[in-house]
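Okay, so here's the structure we're looking at.
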Amino acid sequence: MAAPPDREPSSALSLELLPTDPLLLILSFLDYRDLVNCCYLNRRLNQLSSHDPLWKRHCKKYWLISKEEKSRRNQSWKSIFISTYSDLGRYICYYATLKKAWDDLEKYLGQWCPRMIGSLKESVREEDLDAVEAQIHCKLPDDYRCSFRIHNGQKLVVPGLMGSMALSNHYRSEDLLDIDTAAGGFQQRLGLKQCLPLTFCIHTGLSQYMALESVEGRNKYEIFYQCADQMSRNPSAIVMFITGTSYLEWFTSYVNKVVTGGYPIISDQIFRYVHDKECVATTGDITVSVSTSFLPELSSVYPPHYFFTYRIRIEMSKDALPEKACQLDSRYWRITNAKGDVEEVQGPGVVGEFPIISPGRVYEYTSCKTFSTTSGYMEGYYTFHCLYYKDRFFNVTIPRFHMVCPTFKVSTA
């Protein structure tokens, strides 16, 4: 068989030979690293990769730069990206997420807790954070550093940015510490070795700590409340209630809960009550809903004593007839712990009051419960009598609500 005739070799398609518009379209899909690399390939790609609209997406994605801010700075998109990267480049994986969280939080506070805005501190410089690392002889995680390049925590004031809790004889409000105050509270003692405080409550002395190293049974960058082991004579024997696995996760999850209305605003403060949407029961025209919170500062693992508070909202529909107005007479609780042990409680009123409920009116109160197990639940009913028909009584269901202690660890100090 004769050999096939030779064919002219086809010329390879070169990327740089493409027309300008499709080439710019291709470049628009590149990440900033690849776009920079294109500058070094040849003259044409260098010119095209400097096309300013290509950098607009990266400025918005990584630095949240708006058109308005660009106009104020009177710079090109590429210049803004490069100058911002030279200052904040080490935080490029975290900056947009944390900046959005801070922006969302400030917007929310401006609407609901305006006096808290004034307690926020301005950002710190890189050299300030470097100086703290030199002072404590420990590296700070980049997500933590990044947050302080946006806001340096807050002043030691009340209310605290990281939430409040109040009972009849107990009050807690946690400030987000500025970097110098946090460094001053850095721990090297047994039990809290290489732990940095993130928050502080002036009233209780309670703090949330972040572990800067994996020591004493902690994971690096884990965040926790600490409580003493009351059954040990060793003061370094502590138990840690875990509240986060990293600063980024800890801070952004809290902010998300705040700005989406997951925590109620009471007296211009953020209260850290968690509401389960299923914890709602309606009987006739009256709706009862429940939110709960765990209080680590009043709890203990050794001996087992887990302290919870709950907030109950009782509301009568605004569409109810006026003659449906009624007064609460008594309460009944059925309380079950994790072992299945049942306790029944019955008594007059709630927290010493006998509230009157009428169309559109809301009555709220807080109370507390301790368990010897890490979890438990409560359910029951209120007994009301009608104001217009005083001999008419009826029960209103309280939905079952669960209380669960956070994950905890015992220090291996």
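The values are calculated or read from the model by the stated rules, or taken from the named source; none is laboratory data. The structure presented is a predicted model; accordingly, all values stated were derived computationally and were not measured. Don't worry about glycine lacking a Cβ; one is built from the backbone with ideal geometry, like all the others, and counts go over all protein chains shown. All accessible areas refer to the heavy atoms of the entire protein, side chains included, with ligands and DNA or RNA removed. Shrake-Rupley method; radii C 1.70, N 1.55, O 1.52, S 1.80 Å.
Okay, residues lined up against (1) under 19 Å from residue 221 (Cβ atoms); (2) among the acidic types (Asp, Glu); (3) in contact with a Gly (Cβ under 7 Å, 6 or more places away or on another chain):
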residue: 160; (1), (2), (3): no, no, no
residue: 171; (1), (2), (3): no, no, no
residue: 186; (1), (2), (3): yes, no, no
residue: 192; (1), (2), (3): yes, no, no
residue: 197; (1), (2), (3): yes, no, yes
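Take the residues in the range 381-390 that are hydroxyl-bearing (Ser, Thr, Tyr) and modelled with pLDDT of 95 or more; name whichever of them is most open to solvent (accessible area, probe 1.4 Å).
Within the range 381-390, the match that is most open to solvent (accessible area, probe 1.4 Å) is 381.
Can you name the strands (runs of 3 or more DSSP E) wholly within the range 228-337 that have at least 2 residues being of a type outside the set (S, T, N, Q) and farther than 30 Å from residue 387 by Cα?
Qualifying strands (runs of 3 or more DSSP E): 238-244, 274-283, 306-316.
Conditions (1) open to solvent by 30 Å² or more (accessible area, probe 1.4 Å); (2) out of contact with any Cys (no Cβ under 7 Å at 6 or more places or on another chain), marked per residue:
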{"position": "332", "(1), (2)": "yes, yes"}
{"position": "350", "(1), (2)": "no, yes"}
{"position": "370", "(1), (2)": "yes, yes"}
{"position": "392", "(1), (2)": "yes, no"}
{"position": "401", "(1), (2)": "no, no"}
{"position": "404", "(1), (2)": "yes, yes"}
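Do we have residue 106 as touching a Leu at 6+ places or on another chain (Cβ under 8 Å), closer than 25 Å to residue 143 by Cβ and open to solvent by less than 70 Å² (accessible area, probe 1.4 Å) here?
Yes: the conditions hold for residue 106.
Regarding the range 84-100, can at least one residue be identified that is open to solvent by 40 Å² or more (accessible area, probe 1.4 Å), under 26 Å from residue 25 (Cβ atoms), at pLDDT 95 or above and more than 25 Å from the chain's Cα centre (by Cα)?
Looking for residues that are open to solvent by 40 Å² or more (accessible area, probe 1.4 Å), under 26 Å from residue 25 (Cβ atoms), at pLDDT 95 or above and more than 25 Å from the chain's Cα centre (by Cα), one finds at least one in the range 84-100, hence yes.
Scanning for something part of a helix (DSSP H, G or I) and within 30 Å of residue 195 (Cβ to Cβ), does the range 68-88 turn up at least one residue?
Checked against the condition, which is being part of a helix (DSSP H, G or I) and within 30 Å of residue 195 (Cβ to Cβ), the range 68-88 yields at least one hit.
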